[in-house]
Amino acid sequence: MMSIDNIIVDDTIPQIKFACNLSACKGACCTLKGGKGAPLLDSEIEEIENAYPFVQNLLPKEHLETIERDGFYEGNSGNFTTMCFNDRACVFVYYDGENAKCSFERAFIDGLIKWRKPISCHLFPIRVNYFGFLQQLRYERIRECNPALERGARESIYLSQFLKEPLVRCYGLQWYSRFEEFCKQLQAQVESKSYQE
């Protein structure tokens, strides 16, 4: 593992090739069975409250009814998540044909809001574990993302490259530059070892 400004990076992250393939996965990360939605920072509760008026017209009726009945989040401080509909879809999902998409991201792209979406969603499949002042970045593999692994391998796109935007959003460009250098060094070591074998 490598620590960059108290951010611990799991050694597996630089080695993974990954690029989302929405046409294959249909937005599965937004609709996983299990009843827990996207992890939320405490500060994101207010962001969602401010953004909700701009996204509610995109949401399915059942999602709106869930929000009206149960609210849009659950948990407590430091452990909030978005509410789910039917033990699966995040209540802020809308559907574009068969594809599940984020209503916040749609509103952001349309210029209606300045906040893109929860950082946990933007970073996925990287997850953040918190240990006091330390944070650990780890890769979370789910079978629904196998098409993304296949595309990453096919197009030679590393996870560290694919997630540049959310990583810069979360930790800043200076941090990302150091992270990128760490990734390149580890990738070179792995490629050299593979070549020698």
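Bear in mind that the values in this text are calculations on the coordinates, not laboratory data. Note that the structure is predicted; figures quoted are calculated from it, not measured. Please note: Cβ atoms are built from the backbone with ideal geometry, for glycine as well, and neighbour counts cover all protein chains shown.
Mean residue ellipticity at 222 nm from the helices of the chain, using -39,500 (n - 2.57) per DSSP H segment of n ≥ 4 over the full residue count, to the nearest 500 deg cm²/dmol?
Dividing the helical sum by the residues of the chain leaves -12500 deg cm²/dmol.
Work out the FRET efficiency for GLU155 and GLU68 from their Cβ-Cβ distance, taking R0 = 41 Å, and round it to the nearest 0.05.
0.45
For a label point 7 angstrom out from the Cα of GLU144 toward its Cβ, which stretches of segment 78-92 have the backbone nitrogen within less than 12 Å?
85, 87-91
Using Cα pairs under 8 angstrom and six or more residues apart, how large is the relative contact order of segment 27-115, in percent?
Reported relative contact order: 39 percent.
Rounded to whole Hz and in sequence order, give me ³J(HN,Hα) for segment 22-33 from the Karplus expression 6.51 cos²θ - 1.76 cosθ + 1.60, θ = phi - 60°, writing x for Gly and Pro.
4, 5, 8, 8, 6, x, 4, 5, 8, 9, 5, 5
Once a ≥ b ≥ c are taken as the square roots of the eigenvalues of the Cα gyration tensor of the chain, is the result rounded (a/c under 1.5), prolate (a/b larger than b/c) or oblate (a/b not larger than b/c)?
prolate
So how tilted is helix 146-155 from the main axis of the chain? Cα-based, degrees 0 to 90, rounded to 10.
On a 0 to 90 degree scale, this one is about 50.
What do you get for the angle between helix 61-70 and the principal long axis of the chain? Use alpha-carbon atoms, 0 to 90 degrees, nearest ten.
Long axis of 61-70 versus the principal axis of the chain: about 80 degrees.
Straight-line reach from LYS117: which aspartates and glutamates have a Cα under 14 Å away, not including same-chain ones fewer than 8 places off?
Within the straight-line limit of under 14 Å, LYS117 reaches these aspartates and glutamates: ASP42, GLU44, GLU46, GLU47, GLU49, GLU105, GLU165.
Charges on Cβ only, +1 for Lys and Arg, -1 for Asp and Glu, centred on the Cα centroid of the chain; of LEU186, GLY37, LEU173, which one is farthest towards the dipole's positive end?
Selected residue: LEU186.
Test of understanding: in a Gaussian network model of the chain with alpha carbons linked when under 10 Å, which of TYR139, TYR73, TYR95 would top the mean-square fluctuation ranking?
TYR95
With axes computed from alpha carbons, what is the tilt in degrees of helix 173-196 against the longest principal axis of the chain, rounded to the nearest 10 within 0 to 90?
On a 0 to 90 degree scale, this one is about 50.
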